[in-house]
Amino acid sequence: MKKIIIISIVFLVSCNMVYSISPRVHYTYDLFVGLNSKKSIGLYWENGFDLNYQKIKSKFSFGASYLTSRLGSAIYSNAIKQDNFLVYSDYEINIFSIIENEDKKEKVYTSTDFEYYIKHKITFNPRLNIGYFYSDYESEIFDELRNTSLLVSPELVFSYRFLDKIKLQSSFGYNILHGDGSNGVGTLYPFYFRFSLSYLIYKGFKVDGDTDEDI
Amino acid sequence: MKIFKIFTSFLLISLLISCSSEPEIDPNSMDSIEILDSSLLNPANYLVSEQIFFPTEEDLNKNVIIAVHGYSATTFEWDELRTYINNNLFNENVLLSQVLLGGHGRSYKDFKSSTYHDWQQSIKDEYDKLTSRGFKNITLIGSSTGCPLILDLFNSNYFGDNVKACFLIDPIIIPSSKLLSIVNVAGPLLGYVEIDLDEGEEKYWYRYRPYQTLKELNNLIIKVRKQLEDDLNIGNVYMKVFKSLKDNAADPVSAVLLHKGVISSFGKIEVEMIDSDLHVFTRLDLRPDVSDKDRQNQQKVFNELSTYHLGIKQ
């Protein structure tokens, strides 16, 4: 645990340094780098890294994650060492604007309103992950057991962006392909929660024609 | 408002489903109050502690096998081992206790109200009675859920030096049905789970599995998995695990966790993966299609047991 905390601090400090020394170019995308953590319901904690890219004008974002029990349940324990390599795509939906439309309410906000702030920082992002799973059984006795699998998992992500540079996400996902005793990898469980904390390393700047909401 | 209405409707539907949580029980099945496990009617035929109250020196030199069945099963699961022992004149060296887990072999209601501590109590009772009468060469053999129950006792150092060996058949540490992991949420909505049984099995297995017992099972296997993650020391006990390569109840990866997590004075325990798709492949009676390979697999385990107890692998 101590190791993880130290790695996290070093990581965030390095990100901040990269951000502060990077040349001020007018990027048209936001790039977040962060730490993420996954808890399979009934099994392991897996921790790792996350990279997220979002074009300024687009509601879609793309990312890649690496999660492993080596940085989670398998630290100093006999838990199975397993790795998840994922790429994903999100679609950003502003939850509060949907509710408002449903209730047919109309309200004008100014950007200094607290309500405005909350409503534009919390988003609901349906996500689809695709990837590769590997489990290390560490003995030839188990050579006949399957230890790799394709990963396909829809995920419901709640995202909260604050202090402009930090994004906190929590999500619930379902691995469509999971072990069932005859097929799939036994330690690949279907349901999981995931948490991530990301830091903006490159910020997209407003370009002509963009509205505030785009950013 | 619409979201609130959908949420309220969902809660109401869930409540209605959870109300119809009692199954219709066939009076000729294990779930009914009419049928009891044979070991409750004739305990002396099943338990050494009910058979030998004042053991002789000759009795005390024999090995006693305590056989533990799995979740929702009965002593029937180990009847074929008794037959094997009797047919091979192995009974001159070995005595067999077929323990009926607490809460099992009785009615659905009894099963529903039992906890895994109740299931485990029968193993402790038989072990305590045997050791108090002087038996010192005890072997444990468990199938499916019997295995984590035994391992949990090893972890709490319940067994002293009297247990010499332990054989685990298709141990469940990771369930094949991963839905067990959400039993706390889905269980109250479902009430119970009905399973398919082959002809004749309804007298020896529960057809209906109350979610309360599935919750107990889930708690037990999570507890033992964590014990394995932290090293489960069995001391001077010889242990061997046999695990089917395909299994619809206990995921084969359970064997990996045992291989990594159990440590003994002899180092790593022995694990053998068996080319079978049966859960508890040592029980073949009442199975519809038994192949020659299935019989060979069963004999292999029984032969290893006899080899061990005839002193070759002491």
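Karplus-based coupling profile of segment B:230-242, in residue order and whole Hz: 9, 6, 10, 8, 9, x, 8, 8, 7, 10, 9, 10, 10, with θ = phi - 60° in 6.51 cos²θ - 1.76 cosθ + 1.60 and x standing for Gly or Pro. Applied to segment B:134-145, the Karplus parametrisation 6.51 cos²θ - 1.76 cosθ + 1.60 on θ = phi - 60° returns per-residue 3J(HN,Hα) values of x, 5, 10, 10, 10, 10, 9, 10, x, 10, 6, 5 Hz, with x for Gly and Pro. Specify whether the C-alpha gyration tensor of segment B:261-314 places it in the rounded, prolate or oblate class, a ≥ b ≥ c being the square roots of the eigenvalues: rounded for a/c under 1.5, otherwise prolate if a/b is larger than b/c and oblate if not. Verdict is oblate for segment B:261-314. In segment B:110-252, the DSSP beta bridges split such that about 25 percent are antiparallel, to the nearest 5. Across all Cα pairs in segment B:95-232, the calculated P(r) in 10 Å bins from zero up to the longest distance comes to 11, 39, 35, 14, 2 percent per bin. Helical runs assigned H by DSSP (4 residues or longer) give chain B a calculated mean residue ellipticity at 222 nm of -11500 deg cm²/dmol, each run adding -39500 (n - 2.57) before division by the residue total.
On a per residue basis, the convex hull of the C-alpha atoms belonging to segment B:28-69 measures out at 73 Å³.
Here segment B:185-314 is treated as a Stokes sphere of Kirkwood radius computed over C-alpha pairs; at 4 °C and 1.567 mPa s its diffusion coefficient rounds to 75 µm²/s.
Using only C-alpha positions, report the orientation-averaged shadow area of the convex hull of segment B:124-181, nm², one decimal. Show your work: numbers first, answer last.
On the way: hull surface 17.7 nm².
Seen from a random direction, the Cα hull of segment B:124-181 projects 4.4 nm² on average.
With r as the distance between the Cβ atoms of B:Asn248 and B:Lys268 and R0 = 25 Å, compute the FRET efficiency 1/(1 + (r/R0)^6) and round to 0.05. Result of the calculation: an efficiency of 0.35. Building the convex hull from the alpha-carbon atoms of segment B:169-210 and averaging its projection over directions returns 3.9 nm². Remark: spin-label model distance B:Asp198-B:Ala44 equals 3.4 nm, labels positioned 7 Å along the Cα→Cβ axis. Taking Lys and Arg as +1 and Asp and Glu as -1, the other residues whose beta-carbon sits under 12 Å from that of B:Lys178 total -2. Each residue of segment A:84-89 is assigned a 3J(HN,Hα), and the resulting list reads 10, 10, 10, 10, 8, 9 Hz, derived from the Karplus form 6.51 cos²θ - 1.76 cosθ + 1.60 (θ = phi - 60°), x at Gly and Pro.
Value of Rg to Rh for chain B, rounded to two decimals, is 1.00; Kirkwood radius and Rg both from alpha-carbon coordinates.
Per-residue mean of foreign Cβ neighbours for B:177-184 is 5 (Cβ atoms of other chains, 10 Å radius). Legend: translational diffusion of segment B:191-260 by Stokes-Einstein, Rh = Kirkwood radius over C-alpha pairs, 20 °C, 1.002 mPa s; D = 145 µm²/s. Label reach from B:Tyr158 (point 7 Å along Cα→C-beta): in segment B:94-113, amide nitrogens under 14 Å belong to B:99-103. Under 12 Å Cα-Cα from B:Lys246, which aspartates and glutamates qualify once same-chain neighbours fewer than 8 residues away are excluded? List returned: A:Glu144, A:Asp180, B:Asp170, B:Asp275, B:Asp277. Annotation: the antiparallel percentage among DSSP beta bridges lying fully within segment B:170-314 is about 45. With the simple model of a label 7 Å out from the Cα in the direction of the Cβ, A:Tyr29 to B:Ser132 spans 7.4 nm.
Since every read-out is calculated from the coordinates, none of them should be taken as a lab result. Please read all numbers here as calculations on a predicted model, not as lab measurements. Methodologically, a virtual Cβ is constructed for each residue, glycine included, from the backbone with ideal geometry; neighbour enumeration extends over all protein chains shown.
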